[in-house]
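Worksheet: one structure, shown below.
The values are calculated or read from the model by the stated rules, or taken from the named source; none is laboratory data. The structure displayed is predicted, hence computed values, not measured ones. Note: ideal-geometry Cβ built from the backbone for every residue, glycine included; neighbour counts use all protein chains shown. All accessible areas refer to the heavy atoms of the entire protein, side chains included, with ligands and DNA or RNA removed. Shrake-Rupley method; radii C 1.70, N 1.55, O 1.52, S 1.80 Å.
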Amino acid sequence: MKIKCLIIDDEPLAIKIIKKHLESFEDFEVIHTYTNPIEAFNLLAQEPIDLVFLDINMPRLNGIEFIRNLTSSPYIIITTAYREYAVEGFELDVIDYLVKPISLKRLMKALNKVSYLINIKTELVNNASKTSTSKKKHHFFVKVNKKMVKIHFNDILYIESLKDYVSIKTIEKDYITHYNLSAITKLVPEYDFMRIHRSFTIALNKVNAIEGNCIHIHDKMIPIGRNYVKEVKGKILSGFVL
């Protein structure tokens with residue numbers, strides 16, 4: 001199955017470079033390219049796209065505003081000449097942030113992340129469809145020190161962002177792996193885990209208490225981000241977690 005891609009950049013040359021790079025990866029197919037972000041925004045409301053390469057500084061609608069107003073949820077890779085939007089971009093759950101000029105080697109690293117996430121997502125969907133009882137997957141594998149390590153979802157307390165890495169905290173030990181928080185959060189069951197801060201995703205059934213805008217899990221007090229407070233408290237205090 002081809003991964004359908006959309007490239008949005010107000011510079012035709014930038015589009016041409018990304019498109020040329022993608023020709024080296026047979027699993028990725030460029031469906032559309034746009035220099036006008038408004039036209040691209042309208043397309044995403046009508047047509048399923050897996051991956052969007054998105055510039056930041058564009059007329060009429062910049063990349064950050066574009067992401068904030070999306071109703072669909074494609075994977076996003078930001079492509080820009082400006083480094084200063086990186087933190088804001090990752091807070092909006094982008095998969096990667098590529099600074100121009102983009103090398104083939106750097107693009108390959110980003111595409112590997114996307115391929116892995118899509119493969120895992122496809123596997124979860126396929127496994128769910130094979131049984132009428134919809135049995136859940138109970139674990140995933142992550143790369144830790146050059147080894148693929150099995151981690152059971154039920155053992156996870158929380159996941160903490162460490163810039164280009166995350167720390168998966170369990171009762172027994174911590175696992176450090178080369179992913180961003182947005183990417184790893186997409187791999188855990190959404191009914192058992194929740195992003196509560198730009199730096200934290202928690203296991204909902206491990207919450208011991210809520211104190212102000214903080215959550216207690218095991219021996220850790222974790223802040224709830226300002227933009228997450230209403231949703232987090234609503235989900236936990238409504239009895240969603242028993």
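Tabulated results
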{"quantity": "Under the span-like rule (Cα at least 27 Å along the axis, Kyte-Doolittle mean at least 0.0), DSSP H helices of the chain", "calculated": "104-129"}
{"quantity": "Computed accessible area, residue 165, all protein chains, 1.4 angstrom probe, square angstrom", "calculated": "100 Å²"}
{"quantity": "Residue order for 219, 174 - accessible surface, 1.4 angstrom probe, largest first", "calculated": "219, 174"}
{"quantity": "Long-range HN-HN contacts of residue 79 with modeled amide H, under 5 Å", "calculated": "54, 55, 56, 98"}
{"quantity": "Selection from 221, 140, 73, by position along the positive dipole direction of the chain (Cβ)", "calculated": "140"}
{"quantity": "Listed residues 10, 164 arranged by accessible area, highest first, probe 1.4 Å", "calculated": "164, 10"}
{"quantity": "Under Karplus coefficients 6.51, -1.76 and 1.60, residue-wise ³J(HN,Hα) of region 200-207 in Hz, glycine/proline x", "calculated": "9, 10, 10, 7, 4, 7, 9, 6"}
{"quantity": "Stretch gain in nm, segment residue 84-residue 25, where the contour uses 0.36 nm per residue and the Cα spacing is subtracted", "calculated": "18.3 nm"}
{"quantity": "Residue-normalised accessible area of the chain, given per residue in Å² at a 1.4 Å probe", "calculated": "57 Å²"}
{"quantity": "Proximal lysines relative to residue 100, as straight alpha-carbon distance under 26 Å, when same-chain residues fewer than 8 apart are discounted", "calculated": "2, 4, 16, 19, 20, 109, 113, 163"}
{"quantity": "Assigned charges on the beta-carbon of Lys, Arg, Asp, Glu; the chain dipole about Cα centre (debye)", "calculated": "720 debye"}
{"quantity": "Pairwise label distance in nanometres, residue 116 with residue 163, each label 7 Å out on the Cα-Cβ vector", "calculated": "1.8 nm"}
{"quantity": "Computed log₁₀ I(q)/I(0) - Debye formula, equal Cα scatterers, no solvent, region 57-201, q 0.10, 0.16 Å⁻¹", "calculated": "-0.39, -0.95"}
{"quantity": "Region 31-95: projected area of the alpha-carbon convex hull, averaged over directions, in nm²", "calculated": "4.1 nm²"}
{"quantity": "Pairwise label distance in nanometres, residue 210 with residue 106, each label 7 Å out on the Cα-Cβ vector", "calculated": "4.1 nm"}
{"quantity": "Accessible surface ranking that places the most exposed of 24, 115 first, with a 1.4 angstrom probe", "calculated": "24, 115"}
{"quantity": "Longest to shortest principal axis, alpha-carbon extents of the chain, angstrom", "calculated": "53, 38, 37"}
{"quantity": "Kirkwood Rh (inverse of mean 1/r, distinct Cα pairs), region 73-126, angstrom", "calculated": "12.1 Å"}
